[in-house]
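Just below is one structure, and these are the notes that go with it.
Nothing in this text is a laboratory measurement; each read-out follows from the coordinates by a stated rule. Predicted model only: the values in this text are computed from it and were never measured. Quick reminder, even Gly has a Cβ in these numbers, built from the backbone with ideal geometry, and neighbours come from all protein chains shown.
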There are 2 protein chains.
Amino acid sequence: MNIKEMTRPECVALLKSTRLGRLACVRDNRPYVVPIHFAFGDNAIFSFSLPGKKVEWMRENPHVCLQVDDVGGDGWKSVVVDGLFEDLPRAPEVDNTIPAVDQQLPKSNHDREFAWSLLQKHANWWEPGALNLGGATPAISGSHLFYRIKIEAISGRQAFQ
Amino acid sequence: MNIKEMTRPECVALLKSTRLGRLACVRDNRPYVVPIHFAFGDNAIFSFSLPGKKVEWMRENPHVCLQVDDVGGDGWKSVVVDGLFEDLPRAPEVDNTIPAVDQQLPKSNHDREFAWSLLQKHANWWEPGALNLGGATPAISGSHLFYRIKIEAISGRQAFQ
């Protein structure tokens, strides 16, 4: 088994093709790690969550770490992202009677729409209740928090035979 | 999708049947999460590692978190273990000419042997170089650190349709 460091484009390719990752956050020098579904884009990780321990911890300490991997029969890849948690603030509802290109959305809404458009492509949602969202607009997902992880560093290692 | 808390026996069953988990550790209030292969037994997680960032961090701050999951087509299970990292100290080599039951091994060696016996059952090793170990005795794996995560708390959630 040989090991090599992955280049940034190789790491980004894995982040783009992967939807399930494990997110670690910290409180009082103790870690907590949970699985999340995410989308990568615009030098950030986008995801959503119901309220709970993970969100509480990330709001107190925004330093997080996302790990994704691809384990195959003859090798593996693993990418680690260090980043900063940011809430995506709620924005006014989109007026569906007006074409999107004609709407003057605030930047926060653009971020939210972008996150949604990426996450919407996922067939399997991790979080409970999310299956009910279907093709609904973000405005309907009242209990869900959308958030972004601003990427500070990416590294990856690959093993091959 | 319905969600329920898993009982401790349900969590333990997943830990016993799973070999790949994600381990998070902390330095300076920043998390680091990596995939590991592990074995569960005796109210502890056993694993091994080559020297590196993960081991350095865990020796400085033993609070770690291991997450394992089982994601299926119609639901998922996820178990989180909070625990304390402990090195398994090196012990005298086992004399293979004497039956194991007749050898007076120190406790640390028993732990090491136990970890090895569990990990040895794994066909696919995560760490580089580990494939070379085959059926060798622990004494041969000179560069590998064996360690234990003493379990402090276990929790789990299960989603089903």
Problem - Computed label-point distance, nm, for sites B:Leu50 and B:Ser155 using a 7 Å Cα→Cβ extension - result: 3.6 nm
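Please identify the trypsin sites (Lys or Arg not before Pro) of segment B:1-91 that satisfy two criteria: DSSP loop assignment and at most 16 other Cβ atoms within 10 Å. Which are they? Numbers along the way, then the final one.
On the way: sites: B:Lys4, B:Lys16, B:Arg19, B:Arg22, B:Arg27, B:Lys53, B:Lys54, B:Arg59, B:Lys77, B:Arg90; in loops: B:Arg19, B:Arg90.
Sites meeting the loop and neighbour criteria: B:Arg90.
Give the calculated FRET efficiency between A:Glu60 and B:Glu60 to the nearest 0.05, with a Förster radius of 22 Å applied to their Cβ-Cβ distance. Before the final figure, lay out the partial values.
Values: r = 22 Å, r/R0 = 0.98.
Here the calculated transfer efficiency is 0.55.
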Completion exercise
In nm, the gap between the two label points placed 7 Å beyond Cα toward Cβ at A:Asn29 and B:Leu20 is 3.3 nm
Exercise for the section: Pull out the extension gain between A:Ile3 and A:Asp70, defined as 0.36 nm times the separation in residues minus the alpha carbon to alpha carbon distance; nm, one decimal. Expected result: 22.7 nm
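Which pairs break 19 Å Cα to Cα here: A:Lys4/B:Lys54; B:Lys4/B:Lys77; A:Lys53/B:Lys54; A:Lys16/A:Lys77; A:Lys4/A:Lys77? All intermediate terms of the calculation are to be shown ahead of the outcome.
Values: A:Lys4/B:Lys54 17 Å; B:Lys4/B:Lys77 10 Å; A:Lys53/B:Lys54 24 Å; A:Lys16/A:Lys77 14 Å; A:Lys4/A:Lys77 10 Å.
Among A:Lys4/B:Lys54; B:Lys4/B:Lys77; A:Lys53/B:Lys54; A:Lys16/A:Lys77; A:Lys4/A:Lys77, the Cα-Cα distance tops 19 Å for A:Lys53/B:Lys54.
What does the highest-first list of B:5-11, A:32-38 look like by mean Cβ count within 10 Å?
On the way: B:5-11: 13.6, A:32-38: 22.4.
My ranking of the peptides, most packed first, is A:32-38, B:5-11.
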Handout entry: Peptide-level mean, for B:28-40, of C-beta atoms on other protein chains within 10 Å
Key = 6
Problem - Peptide B:14-22, shielding by other chains (average Cβ, 10 Å cutoff) - result: 2
